Amino acid sequence: MRTTAARFLTPMAILALILVCGEARAADGRSKGGKDSKDSKDRKSSRRGRKLTPAQIKKLKERIAKMRGSGGAKGAGSAANVSALYKEAEAAYKAEKFASAYEYYVDIAACKEVKGASGYAAKARARLLELEKAADDKLEEAKLARIQGKGAESLEIVKVLLEKYPYTEAAAGANDLLVMLSSNPRVAAAVALVKAEELDKAARYPEAAKAYSEIMVKYPGSVQALKSKLRLKAMKADEEIAKAIKDSAKSAADVECPRMLIMARNYAMNRMYPQARGLYRKLIKKYPKSDYAAQAGEALKEIEEEEKKVAQSGNKEDGSKKRGNKKQ
């Protein structure tokens, strides 16, 4: 059974898979005066004249297959298989399961050279362009809502776009729009949650967990913070996800902490104690459950002891000087 693309790929990762003919990227879509920008016009013009070449289809198929963890582009093998695949694609399309349909159509479009399958390949290419156009329309709708000051409405349109058309060029544009929407305090928390959920769907659990935690800190008391808390609890209860998060944290600590410890020790050896303490405390805060944090804690105690000795030695010297002055 095929799985939907949204479970494995975030729209930002999809950027590598998009069928781009020009280098121009959509800007905001409309200027302050309400007119389309030059970049937006160029992108629309490019889409109207776009034709998907066999090389583009093959490249897209191979990249999707690679990110799925399967082999490269293999095609369907025979016209009969292509025909069956096309029926599944059309069923998904009519059911508005566009993410799955997109996967099917990419597979079919790569079968142009299969004897008796060129007609299905052509239809699949046409469907891919239809999906791109539908996604583009959604993006323009979301941009217009943002310009009109309807941040919440714009965000809802973006959520639909990311869910239904995750492989399209417009999905990348939607992420640009999310950045703009995040500056709106009324919808900033909701935008942050959308981004966290996209990471979650893509099985990028360590990054998702971090994003959920940041929402709880940045937007305490919000509905989004509550949802983040509940999701984090569920993630910790899932053994596989919890292990992925733990392994990721351990890996990051193994890369960063040794370097931080070496730098902090060098500071301490040169009696630059404030700098050493700062690094040790940063390490403990960032990786509190690691063995490195324990080492940093011990090192902080050593610095405290050393400073006490220096202070006591200084006091003794001051006392000796005072006694010498009195004798004179």
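Residues in the stretch 97-141 near a label at MET180, defined as backbone nitrogen under 13 Å from the 7 Å Cα→Cβ point? Those under the cut-off are 139-141. Each label point was placed 7 Å from the Cα along the Cα-to-Cβ direction; for ASP247 and LEU144 their separation is 4.7 nm. Pairs with C-alpha atoms separated by more than 32 Å, drawn from the list LYS94/LYS159; LYS97/LYS227; LYS201/LYS301, are LYS201/LYS301.
The simple spin-label model puts a point 7 Å past each Cα toward its Cβ; for LYS282 and ASN270 those points are separated by 1.5 nm.
Filter the cross-link list LYS138/LYS164; LYS164/LYS195; LYS286/LYS309 down to pairs whose alpha-carbon distance in this structure exceeds 18 Å. The answer is LYS286/LYS309.
The Cα center of the stretch 123-149 and the Cα center of the stretch 199-215 differ in position by 27 Å. Extension gain for the segment LYS97 to SER313, taken as residue separation times 0.36 nm less the Cα-Cα distance, is 70.1 nm to one decimal. Charging the Cβ of each Asp and Glu at -1 and of each Lys and Arg at +1, and nothing else, the dipole of the stretch 175-272 about its Cα centre rounds to 400 debye.
A short reminder: the numbers here are calculations on the coordinates, not readings from a lab. Everything numeric here is computed off the predicted structure, so don't read it as measured data. Quick reminder, even Gly has a Cβ in these numbers, built from the backbone with ideal geometry, and neighbours come from all protein chains shown.
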